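The values are calculated or read from the model by the stated rules, or taken from the named source; none is laboratory data. Quick caveat: nothing in here was measured; it's all calculated off a predicted structure. No Cβ is skipped: glycine too gets one built from the backbone with ideal geometry, and neighbour counts run over all protein chains shown. Side chains are part of the model used for accessible areas, which takes the heavy atoms of the whole protein and leaves out ligands, DNA and RNA. Shrake-Rupley method; radii C 1.70, N 1.55, O 1.52, S 1.80 Å.
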Amino acid sequence: MAPSRAGPTAEELDQRKIVGINPETVTDTTNTDFPGHYPGEDHSWDLERFRNGFQIEFHHNDPFDASFSLIGVDASIANAFRRILIADIPTLAIESVFITDNTSVIQDEVLAHRLGLIPFKGNQDGLKNFLRFWKKPEPGVEPTLYDFNTVMLSLNVECTHNPKASEDEEDPTKLYNHAHVYAKDIQFHPVGRQKKYFSGEGAIAPVHPDILIAKMRPGQAIELTMHMHKGVGSDHAKFSPVATASYRLMPTITITQPILGKDAEKFAKCFPKGVIGLEKVSRKEAAQKGSGYEGHEGELKAVVKDPMRDTVSRECLRHAEFQGKVRLGRRRDHFIFSIESTGQWNSDDLFLESVVKLKEKCAKLEKQVINMAR
Amino acid sequence: MAPRSTRKKAVEEAPMEEEPTSHQPTAEDEDASMADADVDQEDGEEANPEDEEEEEDEEVQRVRILPGSTPTAASFEFLEEGHTLGNALRYIVMQNPDVEFCAYAIPHPSEAKMNVRIQTYEGTTAIQALEKGLRDLQELCDVVTDKFTVARDEFSNRMAA
């Protein structure tokens, strides 16, 4: 039996968080901070301890692309947020298309599908608080379309010859009017209280006005009305508020023995730009016995500059000269999130909403569990 | 090709049951929706389904104890839940020192069901452990929201400076 000892050192605690990465294998992939895993240590849930250990660092924050690190949280929690971002946050998208005329070469069902995938924007308060879900009624039952659950759009375009085009013009977009049908051709028809929420800047409109919907030639026309409803990504990907929402674990690179001179340059080339830096060995380091730098003053040595940019390609592990000199790993509790919104929400608001949604889920189920136990 | 002289009016001509109808305006937004009052009334739709919908959501019981459970060892079945909640809940319940065992499973991918198994030591029950887990998760969410908001505001201030 191991001798009893005072708690783990900071170094040991840090090492526990590292997933080892070897040429062909990975080690220590699962979290071990559960009560009873380490004898004599307390790993039970404690909100204050979580609060002190939990950190968020922003890398960039644009409406269409946010990146930040969640540090000190388990994969199951980070993954819950990621899954909610993709599948559980509601957005407004075209759900029904009523086609009165479509003589373009795009088939009705393909056209309807294309329309459904166009991301729309509008007043945030109106989208989040005013609009509600719509439940499709059973056949024969009165329709339940209201201003708070349906947004009406229309698309009416006809392709005609452009009389002003020059004789030898070959570009169809100049030769004809409406040769290309774009998302900006879609018109919004506010009903009832929608006028209050979605007017001016806040009107319902495509996020990208230049999305190509169809191509036409003179004599062809598209005439249709559309109903938008709120939905979630688990029902159809068109409702997903994100283009991508993903995370990766923070890479770690530990140089255990000096890598010098030509080797250092080769080592740096094993990684993406900016991960490994080259520095001169200082006099102080060279004078230090047992450092491995003796007699190498002024030579270049490899240093880890920015491990976050590493893609963990493991290239450095394939070369004999680095054998035993470097250790690769990933931090198991450091998630580098990347959220790219489709434009209906801001990317950072999306993450906040995913946290709200998880809390909501738990609150509803807590009530249900209490109800069940009764 | 058919004549297209009628196209312009198509929107107005769409059958009325296809049109979204406004519900009855309340006193406070009367001003804003006055202009539509005549349109709205045409449909004769008076019902206000807002409240009904909300209640309906709450009524369905989505959690039950599976047969064969004892107070300290129980399996729970969650309807309409998946890995999102399952794994997060499993983690937080496992952090409870009174819990001997916790695991979740989705027995079949085409059934929207998620099972959670909890076994506790003497002194507490599986139901209590489950309730504590759900409460702890909510507290965790609050901390994440707080820290995220602070970090974001600090970042945007730093960027603006």
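Between A:Lys284 and A:Asp62, the contour length at 0.36 nm per residue exceeds the alpha carbon distance by 75.5 nm. FRET efficiency for the pair A:Glu11 and A:Met308, taken as 1/(1 + (r/R0)^6) with r the Cβ-Cβ distance and R0 = 22 Å, rounds to 0.55. For chain A, the longest principal axis of the C-alpha atoms and the axis of helix A:75-87 are separated by about 20°. With semi-axes defined as the square roots of five times the eigenvalues of the C-alpha gyration tensor, the equivalent ellipsoid of the range A:92-239 measures 31, 17, 13 Å, largest first. Between A:Phe133 and A:Lys269, the distance separating the two model label sites (each 7 Å from Cα on the Cα→Cβ line) works out to 5.7 nm. The residue among A:Ile276, A:Leu260, A:Leu300 whose Cα reaches farthest toward the positive pole of the charge dipole of the range A:257-324, with charges on the beta-carbon of Lys, Arg, Asp and Glu, is A:Ile276.
For B:Asp142, what accessible surface area do you get with a 1.4 Å probe? Give it in Å², rounded to 10. Rounded to the nearest 10, the figure is 60 Å². Over the range A:258-359, the fraction of Cα-Cα pairs per 10 Å bin, rounded to whole percents and listed from the shortest bin up, is 13, 31, 23, 14, 12, 6, 0.
In nm, to one decimal, how far is the modelled label at A:Arg217 from the one at A:Thr244, with both set 7 Å along Cα→Cβ? Going from the A:Arg217 label point to the A:Thr244 one covers 3.9 nm.
What the Kirkwood sum gives for the range A:21-116 is a hydrodynamic radius of 19.0 Å, with every pair of different alpha carbons counted. Per residue of B:129-140, other chain Cβ atoms within 10 Å of the residue Cβ number 6 on average.
Hey, with R₀ at 56 Å, roughly what FRET efficiency would A:Glu41 and A:Val141 work out to, going by the Cβ-Cβ distance, to 0.05?
So the FRET efficiency works out to roughly 0.40.
With a cut-off of 14 Å between beta carbons, the residues surrounding B:Ile106 carry a summed charge of 0, where Lys and Arg count +1 and Asp and Glu -1. For chain A, a simple Cβ point-charge model (Lys and Arg +1, Asp and Glu -1, everything else neutral) yields a dipole of about 920 debye relative to the Cα centre. Compared with the dominant Cα axis of chain A, that is its longest principal axis, helix A:347-373 is turned about 90°.
Bridging of A:Lys135 to lysines at a Cα separation below 21 Å is possible for A:Lys230, A:Lys238, A:Lys357, A:Lys361, A:Lys364, once same-chain residues fewer than 8 apart are set aside. With unit charges on the beta carbon (Lys/Arg positive, Asp/Glu negative), name the residue among A:Ala214, A:Ile94, A:Tyr197 whose Cα is farthest towards the positive pole of the charge dipole of the range A:92-239. Checking the options against the dipole of the range A:92-239, the answer is A:Tyr197. Interface between chains A and B: roughly 6800 Å² of accessible area buried, both sides summed (probe 1.4 Å, protein heavy atoms only). For chain A, what relative contact order do you get, as a whole percent, if you take Cα pairs closer than 8 Å and at least 6 residues apart? About 25 percent, as a whole number.
In straight-distance terms, cross-link reach from A:Lys325 covers every one of the lysines whose alpha-carbon lies under 24 Å from its own, apart from those fewer than eight places away in the same chain; here that gives A:Lys17, A:Lys262, A:Lys266, A:Lys269, A:Lys273, A:Lys280, A:Lys284, A:Lys289, A:Lys301, A:Lys305.
Considering only alpha-carbon pairs that sit under 8 angstrom and 6 or more positions apart, the relative contact order computed for the range A:92-239 is 42 percent.
Rounded to the nearest 20, the Cβ-based charge dipole of the range A:92-239 about its Cα centre (Lys and Arg +1, Asp and Glu -1) stands at 780 debye.
Express the carbon and sulfur contribution to the solvent-accessible surface of the range B:61-107 as a percent, rounded to the nearest whole number, probe 1.4 angstrom.
Carbon-and-sulfur percentage of accessible area, whole number: 55.
In the range B:61-161, taking the dipole from charged Cβ atoms about the Cα centre, the farthest positive-side position among B:Asn87, B:Thr72, B:Gln138 is held by B:Asn87.
Taking the Cα centre of the range B:61-161 as origin and assigning +1 to Lys and Arg Cβ atoms and -1 to Asp and Glu Cβ atoms, the resulting dipole is close to 180 debye. Working from label points 7 Å from Cα in the Cα-to-Cβ sense, the A:Ala237 to A:Glu321 distance is 4.5 nm.
Per-residue ellipticity at 222 nm computed for the protein assembly as shown from its helices equals -8500 deg cm²/dmol, with DSSP H segments shorter than 4 residues left out and the rest contributing -39,500 (n - 2.57). Residues whose amide H falls under 5 Å from that of A:Leu145, counting only those 5 or more places apart or on a different chain, are B:Thr21, with hydrogens built in the peptide plane.
Here is the short version for chain A: A:Cys159, A:Cys362 have no other Cys C-beta closer than 4.7 Å.
Loop-located GluC sites (Glu not before Pro) in the range B:106-146 (DSSP state other than H, G, I, E, B) with a sparse environment of at most 12 neighbouring Cβ atoms within 10 Å: B:Glu111, B:Glu122.
Of the GluC sites (Glu not before Pro) found in the range A:163-233, those in coil by DSSP whose Cβ has at most 16 other Cβ atoms within 10 Å are A:Glu167, A:Glu169, A:Glu170. For the range A:118-211, the set of trypsin sites (Lys or Arg not before Pro) satisfying both a DSSP loop assignment and a count of at most 13 other C-beta atoms within 10 Å is given as A:Lys135, A:Lys164.
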